[in-house]
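Have a look at the structure below before the remarks.
The values are calculated or read from the model by the stated rules, or taken from the named source; none is laboratory data. As the structure is a prediction and not an experimental result, all values here were calculated from the model. When we count neighbours, we look across all protein chains shown, and the Cβ atoms used for this are built from the backbone with ideal geometry, even at glycine. Side chains are part of the model used for accessible areas, which takes the heavy atoms of the whole protein and leaves out ligands, DNA and RNA. Shrake-Rupley method; radii C 1.70, N 1.55, O 1.52, S 1.80 Å.
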Amino acid sequence: LGRTMAPLIEPELAEYPALEIDYRFMNSRDAIEEVTDYRCDFAVVASTFKHKDIKKIKLWTENIHLYTRTGKKEEVILATRGMLNAEKILKKIGAKKVRWVNDYGVLLTILEKNDVMGLLPNTMEIRSAGLQSLGSFPPTLQISLIIRTDMEKTAAHQWIIEMLKERCATLTHQDN
């Protein structure tokens, strides 16, 4: 999510030098805990959790696709352990040769240059027009901004929420 979000919001933040943003990249579970425990104001997560003190604001939906450079099935599949449902998807497609890559950017680079397949969120396609999808896998993930209900009162919070909703609307057309 960090690779998707930071480039979208940095141009807007440049206009407000007094506004400090500290990016911390972590899994959704840890990010939710950071917000619920008042250690950060916002988080962008891929999760379906419910919490009485947390408001979720949908930013975009994301699908996991099996991509390849060649457009045909290959023997080796690359995946990221941190991806939600990666293990289920690999089992479903009967993957026999899996290589684990810990970074989507590295996985994408390998896909662009080699005859392998890889599981990536469809939003990564923005950065690589040369890959072809061999199909998507449920479930569709809802990517949401989360905020404590008692912290969204300031004008800065409202500006950030609206700016993120507007910027992230450009990502929804990526569903193949």
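Per the conditions (1) under 22 Å from A169 (Cα atoms); (2) among the small types (G, A, S); (3) within 18 Å of the chain's Cα centre (by Cα); (4) at pLDDT 80 or above, the sole criterion not satisfied by S47 is (4).
Say we look at the range 68-81 and pick out the residues that are within 16 Å of the chain's Cα centre (by Cα) and not β-branched (V, I, T); which of these is surrounded by the most Cβ atoms within 10 Å (Cβ to Cβ)?
Within the range 68-81, the first condition is being within 16 Å of the chain's Cα centre (by Cα), and the residues that meet it are 79-81.
Next cut, not β-branched (V, I, T) only: 79, 81.
On the way: A79: 22, R81: 9.
Filtering first and then ranking leaves A79.
If we keep just the residues of the range 1-19 that are at pLDDT below 80 and either surrounded by fewer than 16 Cβ atoms within 10 Å (Cβ to Cβ) or outside any helix (DSSP H, G or I) (or both), which is farthest from the chain's Cα centre (by Cα)? Within the range 1-19, the match that is farthest from the chain's Cα centre (by Cα) is P7. Criterion first (in a helix (DSSP H, G or I), open to solvent by 10 Å² or more (accessible area, probe 1.4 Å) and free of Cβ contacts under 8 Å to residues at least 60 places away in the same chain) does E33 satisfy it? Yes; evaluated as a whole, the condition is true for this residue.
Confirm whether S47 is closer than 30 Å to M151 by Cα and either in contact (Cβ under 8 Å) with a residue 24 or more places away in the chain or among the polar types (S, T, N, Q) (or both). Yes; evaluated as a whole, the condition is true for this residue.
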